[in-house]
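The structure appears below as structure tokens.
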Amino acid sequence: SFIGEESVAAGEGSILTDNPTWIIDPIDGTTNFVHRFPFVAVSIGFVVNKKIEFGIVYSCIEDKMYTARKGKGAFCNGQKLQVSGQEDITKSLLVTELGSNRDPETIKTILSNMERLLSIPIHG
């Protein structure tokens with residue numbers, strides 16, 4: 001099976017089944033792309049039995065290829081990635097994305113989440 005982010009965004013329905021399925025977003029960061037903000041990627045995932053098996057993200061502007069495979073770890077241009085050992089949230093950087101859905105209930109949820117996040121004493 002095949003699920004494309006752009007076709008789903010255009011209103012085409014899709015149902016994730018147990019069948020082997022490619023999930024592809026050819027312009028991951030469409031809003032960034034439209035505004036010429038240089039954080040755009042091609043994202044591809046492969047799912048079997050509704051569980052991700054591997055994923056690939058190619059950051060076009062940076063020329064970085066991120067890959068990950070279930071049980072095998074994640075890599076950037078072939079070099080293994082790992083999470084930081086930082087356990088103190090006050091020394092952390094928080095990054096979030098607001099999404100594009102502007103219906104009132106979604107906005108209410110986003111603002112509530114942001115209020116909770118902004119009350120954490122983080123670096124930024």
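The values are calculated or read from the model by the stated rules, or taken from the named source; none is laboratory data. Fair warning: this is a prediction, and the values are worked out from it, not measured in the lab. Every residue, glycine among them, receives a Cβ derived from its backbone with ideal geometry; neighbour counts consider all protein chains shown. For accessibility, only protein heavy atoms count, side chains too; no ligands or nucleic acids. Shrake-Rupley method; radii C 1.70, N 1.55, O 1.52, S 1.80 Å.
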Practice item. For residues that are closer than 13 Å to ASP18 by Cβ and hydrophobic (A, V, I, L, M, F, W, C), tally how many sit in the stretch 31-51. Key: 2
Practice item. Pull up the stretch 97-123, narrow it to residues that are closer than 21 Å to GLY29 by Cβ and part of a loop (DSSP other than H, G, I, E, B), then point me to the one that is least open to solvent (accessible area, probe 1.4 Å). Key: GLY99
Point to revise | Members of the stretch 53-85 that are within 23 Å of THR30 (Cα to Cα) and among the aromatic types (Phe, Trp, Tyr) | key: PHE54, TYR58, TYR66
Study note, to complete from the structure: Subset of the stretch 84-118, residues β-branched (Val, Ile, Thr) and under 21 Å from the mean Cα position of the chain (by Cα), comes to VAL95, THR96, THR106, ILE107, THR109, ILE110
Exercise for review: Would you confirm whether any residue within the stretch 29-44 is touching a residue at least 12 places away in the same chain (Cβ under 8 Å) and more than 28 Å from GLY124 (Cα to Cα)?
Suggested key: yes
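Filter the stretch 48-91 down to the residues that are among the hydroxyl-bearing types (Ser, Thr, Tyr) and outside any strand (DSSP E or B), then identify the one that is least open to solvent (accessible area, probe 1.4 Å).
Let us first name the residues in the stretch 48-91 that are among the hydroxyl-bearing types (Ser, Thr, Tyr), namely 58-59, 66-67, 84, 90.
Narrowing the set further to residues that are outside any strand (DSSP E or B) leaves 84, 90.
Details: SER84: 87, THR90: 52 Å².
Going through the qualifying residues, I end up with THR90.
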Practice item. Mind telling me which of the residues GLY78, GLY13, GLY99 ends up being among the small types (Gly, Ala, Ser), at pLDDT below 90 and on the phi > 0 side of the Ramachandran plot? Key: GLY99
